[in-house]
Amino acid sequence: MPKLNFRRKIAVSVMLLFGLLLISMMLLSSAPKSNSNNNKVNVVAAENFWGSLVAQIGGNKINLKVLITDPNADPHEYESSTNDARLFASANYVILNGAGYDSWGNKLLSASPSLGRKVLMVSTLLGKKEGDNPHFWFSPSYVNQVIYQMKQDLSALDPKDSSYFTQQYNLLTTKLALYQNQILNIKAHYSGTKVAATEDIFVYLAQAAGLNLISPLTFMQAVAEGNDPPSNSVVQFEQQLKSTQVKLLVYNRQTITPLTNSMKQLALTNNIPLIPVSETIEPINLSFETWMGGIIQQLQNALSAQVKP
């Protein structure tokens with residue numbers, strides 16, 4: 001009998017070891033493989049502004065898929081597809097904006113949990129939460145924080161190419177410095193100038209450029225969220241545009257409503273220049289820094305025409 005008990009114990013131990021081995025293999029197989037496509041890291045970026053930046057850091061060491069690219073669509077209204085779900089499931093690295101901007105991405109991540117996948121939630125990195133202004137890519141300092149984290153994450157996923165990612169990151173920071181220096185130049189010459197915007201997409205850029213964005217915050221937030229602004233904010237905004245104290249009006253060309261059109265027309269009537277911006281890169285073949293540099297150049301041209309040195 002003792003020998004039989006001993007044999008049973010061995011059999012049980014072998015079965016337990018086999019079970020643990022099987023579980024480990026299952027967990028490993030569930031993690032996306034970075035070497036599944038010529039040893040490249042599979043990256044999914046929800047929006048093309050973050051996609052452009054990670055593409056420049058990852059270079060030829062990553063396979064990149066970007067989901068939101070249409071400049072004529074409102075990113076807030078994007079609806080994910082089964083193909084998006086498959087991309088998330090096979091990704092080594094997923095980049096989401098966060099702060100409620102692309103909450104559909106959280107659902108896709110939850111639907112395909114993976115131990116081997118890194119996720120860059122930009123809002124979390126920046127200490128932001130849902131309800132905060134989500135247009136982080138219009139802030140040069142936020143962009144610099146994000147690209148540094150991208151470089152760190154790619155190096156962790158593909159350590160053998162970390163020096164390559166660092167080199168690409170350094171090249172990107174040099175390129176970004178061109179438009180970021182333009183912003184500093186605007187701040188040096190036009191700090192305190194009163195400007196307006198139809199929604200809060202312009203808040204971070206106005207702050208970086210030292211401009212005084214006086215349009216009612218409740219108006220801008222309501223338009224950005226697709227809601228009707230409070231009536232008192234509409235009246236206040238109209239008075240600001242009629243008073244000619246505003247030197248330019250920024251509007252989101254991807255969010256057009258009768259009310260925003262009315263404000264644009266009121267600005268034109270009072271000889272206030274209009275500056276169109278888009279939430280996603282437009283045209284889609286431009287790099288992030290070229291797209292952003294074009295917006296800054298329009299801003300600088302309008303200010304130089306409106307404000308005497």
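Here are the numbers:
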| item | result |
| --- | --- |
| First in region 116-131 and closer than 21 Å to L217 by Cα, second anywhere and modelled with pLDDT of 95 or more and among the basic types (K, R), Cβ under 9 Å, 6 or more apart | S123/K129 |
| Qualifying residue in region 112-126 (condition: in a strand (DSSP E or B) and charged (D, E, K, R)) | yes |
| Which numbered condition I296 misses (of (1) surrounded by 15 or more Cβ atoms within 10 Å (Cβ to Cβ); (2) touching a residue at least 24 places away in the same chain (Cβ under 8 Å); (3) more than 23 Å from the chain's Cα centre (by Cα)) | (3) |
| Residue, farthest from N212 (Cα to Cα), within region 289-309, restricted to residues that are assigned to a helix (DSSP H, G or I) and hydrophobic (A, V, I, L, M, F, W, C) | W291 |
| Some residue of region 60-67 being in a loop (DSSP other than H, G, I, E, B) and either under 30 Å from N181 (Cβ atoms) or hydroxyl-bearing (S, T, Y) (or both) | no |
| Count - residues of region 79-114 that are among the polar types (S, T, N, Q) and buried (at least 23 other Cβ atoms within 10 Å of the Cβ) | 2 |
| Output for region 68-106, where each listed residue is in a loop (DSSP other than H, G, I, E, B) and in contact (Cβ under 8 Å) with a residue 60 or more places away in the chain | T69, D70, P71, N72, A73, D74, N92 |
| Any hit, region 255-262, residues being assigned to a strand (DSSP E or B), under 28 Å from the mean Cα position of the chain (by Cα), without any contact (Cβ under 8 Å) to a residue 40 or more places away in the chain and not assigned by TED's automatic domain parsing to the domain that holds D102 | no |
| Selected residue (criterion: surrounded by the most Cβ atoms within 10 Å (Cβ to Cβ)) from residues of region 212-238 that are of a type in the set (A, V, I, L, M, F, W, C) and outside any helix (DSSP H, G or I) | L213 |
| Residue count for region 268-288, restricted to those that are part of a helix (DSSP H, G or I) and either in contact with a strand residue (DSSP E or B) (Cβ under 8 Å, 6 or more places away or on another chain) or exposed (fewer than 14 other Cβ atoms within 10 Å of the Cβ) (or both) | 2 |
| Checklist (1) more than 21 Å from L96 (Cβ to Cβ); (2) at pLDDT 95 or above applied to Q245, failing item | (2) |
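Residue-by-condition table, conditions (1) touching a strand residue (DSSP E or B) at 6+ places or on another chain (Cβ under 8 Å); (2) closer than 30 Å to L172 by Cβ; (3) without any contact (Cβ under 8 Å) to a residue 24 or more places away in the chain:
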position	(1), (2), (3)
K247	yes, no, no
R253	yes, yes, no
L266	no, no, no
T290	no, yes, yes
L303	no, yes, no
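For (1) outside the structural domain of D228 (by TED's automatic domain parsing); (2) outside any helix (DSSP H, G or I), each residue gets a yes or a no:
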{"position": "Y169", "(1), (2)": "yes, no"}
{"position": "L172", "(1), (2)": "yes, no"}
{"position": "Q182", "(1), (2)": "yes, no"}
{"position": "N185", "(1), (2)": "yes, no"}
{"position": "V195", "(1), (2)": "no, yes"}
{"position": "I201", "(1), (2)": "no, no"}
{"position": "Y204", "(1), (2)": "no, no"}
{"position": "Q207", "(1), (2)": "no, no"}
{"position": "G210", "(1), (2)": "no, yes"}
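The values are calculated or read from the model by the stated rules, or taken from the named source; none is laboratory data. This is a predicted model, so every value here is computed, not measured. Methodologically, a virtual Cβ is constructed for each residue, glycine included, from the backbone with ideal geometry; neighbour enumeration extends over all protein chains shown.
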